[in-house]
Structures are given as structure tokens and as C-alpha cells.
Amino acid sequence: MPIPWADQPFPLLSAKLPEGHKSASPGSLTVFMCMTLAHNTTIRHLNAIHLQAMGISTSHATDVHDFLFFAKSWIGVMNDSEEQHREFMDGVNQMKAYIYRVSSSGSMSEYSGSELRRIIKGFEGALMRHLREEPVQPLEIGERLRGDGLKGVWGEFEAWPIKGGMGKWDKTFFPCLNSQRRELAFVGEGWEAALDGE
């Protein structure tokens with residue numbers, strides 16, 4: 001059996017531009033691409049959690065501890081600031097409670113991969129729908145703002161954690177999340193214009 005890659009069981013977002021957006025401006029394409037890549041990082045991370053969940057042996061407390069830390073870092077990027085997020089946040093919060101309970105119990109033997117997968121299954125549909133739909137919004141908004149305006153706002157948004165927030169955050173969470181941000185093989189019609197602008 002081949003070794004599974006983190007592009008399953010939840011499918012990654014497609015590189016193809018949605019219908020009606022083939023001639024979007026370079027600024028809108030850049031924001032769409034960045035959001036799509038960020039969401040694919042989120043999906044890969046959840047896929048890795050799902051794929052590894054059953055392979056962690058409770059007889060190796062260090063492995064369970066490290067795996068739970070990896071799962072906590074995924075939870076750290078989720079928030080409930082939007083209506084669509086509320087559709088899956090109860091499940092994410094259930095996952096968080098489970099991981100923190102097991103992590104703080106002092107006994108890694110309480111960990112159960114099947115329980116973690118059961119929790120993920122409860123919110124996966126709403127989460128995947130959100131991750132598929134959200135990157136299209138910048139294309140629609142961007143064209144109303146003429147693309148370059150949106151790219152400027154996006155640049156400010158991406159700079160915010162570095163300028164203000166990162167000093168307060170646990171820096172061990174973010175390197176693993178951003179390590180796959182740039183997928184050089186991520187190509188498709190219209191992407192060249194966005195990439196040339198960076």
C-alpha cells in the first residue's frame with residue numbers, strides 16, 4: 001500500500017479559476033491565490049492529523065504529546081469571527097477540548113485516534129464547504145475595488161501579524177503552518193499574471 005500524502009481524505013482546493021473570473025485583474029488573482037494556498041495549508045494540516053490519528057501509540061507518551069501539540073497548532077488558526085465559521089466551530093471547539101483534556105491529563109494513554117477522527121467527522125462537511133467557497137469572495141470584491149486596491153488591503157492584512165500580533169503569540173505554532181504556503185507546482189490558467197506581480 002502506498003504511503004498516503006496529506007492531500008487526502010479531504011480534497012485540496014483546485015488551481016482552476018472559477019467560471020466568470022478568468023479575466024480577473026492581477027491584484028484579485030494574487031489575493032485569490034494566497035487565500036487558496038492558505039486554505040490548502042489548513043486542509044493539508046487537517047489531513048495530516050486525520051491520517052496520523054490512528055498511528056499514534058499510547059505506549060509512547062512523547063509521541064502522543066507531540067502529536068497533540070501538532071493538532072493544537074491547527075486549532076490555533078481557527079476562529080469564530082464569521083457566520084460560516086459558526087457552522088463548524090462547535091466541532092473545532094469539541095476537538096480543542098478533547099486535545100487539551102488529554103494533553104493535561106498526565107496520562108497519554110487516554111488518547112484515542114478513533115475518537116479524534118469521530119470528532120473531525122462531525123465538522124468536516126461545514127469546514128470543507130467554507131474553505132472551498134471563501135477564496136472566491138476576494139475575486140468578486142477585488143473586481144469591484146479594481147484588483148490592485150484589494151491587493152494593497154491584503155498586503156496590510158498579511159503584515160499585521162508581523163507588526164502587531166506575533167510578539168504575543170506562541171511562535172512554535174506558526175512555522176509548521178506556513179512552511180507549505182508557497183506551492184510552486186500550483187499552476188493554472190491566469191496564475192502567471194498574479195505570480196509576475198509579486
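Throughout, read-outs are computed from the coordinates displayed, never taken from laboratory work. Note that the structure is predicted; figures quoted are calculated from it, not measured. We place every Cβ from the backbone using ideal geometry, glycine too, and count neighbours over all the protein chains shown.
For Met108, what charge total do you get from the other residues with a beta carbon under 13 Å from its beta carbon, if Lys and Arg give +1 and Asp and Glu give -1?
-2
As an exercise, identify the chymotrypsin sites (Phe, Trp or Tyr not before Pro) in the range 1-98 lying in DSSP coil whose Cβ has no more than 13 other Cβ atoms within 10 Å.
Trp5
So if I restrict to the alpha-carbon atoms in the range 1-83, what is the Rg, and what is Dmax, the biggest pairwise distance, in Å?
Both quantities, over Cα of the range 1-83: 16.8, 55 Å.
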